[in-house]
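Shown next, in structure tokens, is the structure this report addresses.
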Amino acid sequence: MLRDTRLPAAVRDHLDLEGLRVLLIRRHGRTGRDQGAQGVRVMASWSGPEMSWLERRTLADLDELLTVDLAGLVRGERPGWQPVEEPVVLVCTHGRRDVCCAERGRPVAAALATHDPEGTWECSHVGGHRFAPNVVLLPAGLAYGRVEAGEAVALREAYASGQLLTERLRGRVWQQPAAQAAEVAIRQRLGLTGVDDVDAAVREVAPGATTVTLEIRAGQSAGRWAVEVQQHTLEDEAGPVGVLSSCGDADTSRASSWQVGPLRQA
């Protein structure tokens, strides 16, 4: 993605670091175009099971990015910029990657920007464009898919109060897919809505099944648990179900779903 941007070559090379995810952001409606004299707004965020943080800074120009310790960011080290205390919401509107992201994402960004213009940003591709519109809440790194404009503000407000809504939740951005599926399923089973109520991580991958460990921190099931997660191809009377990975695709790929087993003591 970086190679397709207008960033200076030296900056692109500097940002091209393993473990670092770079997103380009803009205000909804492109209102930031006239703010070039104010510098370049940059945010750095870390999301993980042990900590989550978000900081921001305004640079005089893009070349100042060359002085940022990106390896430290990958390790979770704060850059020492201005802490951001309020939630930041990213909405993928990357139409060049998938037109659905732009067409479906912009109404979501518009609804959020009306409610919280300072904390709302349109962004480049976040992954999983078949789930458009995609929304990411920082600093917790909560990923939501197929979000409707009328739901977006509720997601943001729940997160601001330390809660999350599970219906559109895809998981955490740092989790492997099996752990994402396990956390969402267990939250829905047990009615756990606190942002920090559950931590899930893949422990073991075996043929046909993945073992996920969960640290449940609230409710009657608080403790350390494990579940078996299996991925299945979806089928109907005609055979495997097809799904378009992108709006521009001519052919479908096989759809699959995750089956999360019962909790057992870890």
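Pull out all pairs, ordered by first then second residue, where Cβ-Cβ is under 6 Å, the residues are six or more apart or on different chains, the first lies in the stretch 255-266 and is outside any strand (DSSP E or B), and the second is open to solvent by 60 Å² or more (accessible area, probe 1.4 Å).
As it stands, the answer is A255/L234; G261/E228; A266/R224, since those pairs meet every condition given.
This table checks each residue for (1) part of a loop (DSSP other than H, G, I, E, B); (2) of a type in the set (V, I, T); (3) open to solvent by less than 10 Å² (accessible area, probe 1.4 Å); (4) free of Cβ contacts under 8 Å to residues at least 60 places away in the same chain.
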site: C101; (1), (2), (3), (4): no, no, yes, yes
site: G105; (1), (2), (3), (4): no, no, yes, yes
site: A109; (1), (2), (3), (4): no, no, yes, no
site: A113; (1), (2), (3), (4): no, no, no, no
site: E118; (1), (2), (3), (4): yes, no, no, yes
site: W121; (1), (2), (3), (4): no, no, no, no
site: G127; (1), (2), (3), (4): yes, no, no, yes
site: R130; (1), (2), (3), (4): no, no, no, no
site: E151; (1), (2), (3), (4): no, no, no, yes
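Scan (1) touching a Pro at 6+ places or on another chain (Cβ under 7 Å); (2) open to solvent by less than 40 Å² (accessible area, probe 1.4 Å); (3) under 21 Å from S256 (Cα atoms) for the single condition D199 breaks and write down its number.
Unmet condition: (3).
So how many residues does the stretch 124-142 have that are more than 19 Å from E85 (Cα to Cα), under 9 Å from the mean Cα position of the chain (by Cα) and among the small types (G, A, S)?
Looking only at that region, the number is 1.
Taking the stated definitions as given, is R156 basic (K, R), open to solvent by 30 Å² or more (accessible area, probe 1.4 Å), modelled with pLDDT of 95 or more and assigned to a helix (DSSP H, G or I)?
no
Restricting attention to the stretch 207-244, report how many residues are in a strand (DSSP E or B), open to solvent by 30 Å² or more (accessible area, probe 1.4 Å) and at pLDDT below 95.
Residues flagged as in a strand (DSSP E or B), open to solvent by 30 Å² or more (accessible area, probe 1.4 Å) and at pLDDT below 95 within the stretch 207-244 amount to 9.
Please find, among G29, G19, the residue that is surrounded by fewer than 16 Cβ atoms within 10 Å (Cβ to Cβ) and either of a type outside the set (G, A, S) or at pLDDT below 90 (or both).
None of the others qualify; the one that does is G29.
Here is a yes/no grid of residues against (1) at pLDDT 95 or above; (2) open to solvent by less than 60 Å² (accessible area, probe 1.4 Å):
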| site | (1), (2) |
| --- | --- |
| L164 | yes, yes |
| L169 | yes, yes |
| R172 | yes, yes |
| P177 | no, no |
| A181 | yes, yes |
| I186 | yes, yes |
| L190 | yes, no |
| E204 | no, no |
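For the stretch 139-147, does any single residue satisfy the condition of being part of a loop (DSSP other than H, G, I, E, B), over 24 Å from Q38 (Cα atoms) and hydroxyl-bearing (S, T, Y)?
Checking the stretch 139-147: not a single residue is part of a loop (DSSP other than H, G, I, E, B), over 24 Å from Q38 (Cα atoms) and hydroxyl-bearing (S, T, Y).
Within the stretch 40-57, take every residue that is modelled with pLDDT under 95 and open to solvent by 40 Å² or more (accessible area, probe 1.4 Å) and give me the one that is nearest to G171 (Cα to Cα).
Checking each candidate, the answer is P49.
The values are calculated or read from the model by the stated rules, or taken from the named source; none is laboratory data. Here the structure is a predicted model, which is why all the values come from computation and not from measurement. Backbone-built Cβ (ideal geometry, glycine too); neighbour counts: all protein chains shown. Heads up: the accessible areas ignore ligands, DNA and RNA and are worked out on the full protein's heavy atoms, side chains in. Shrake-Rupley method; radii C 1.70, N 1.55, O 1.52, S 1.80 Å.
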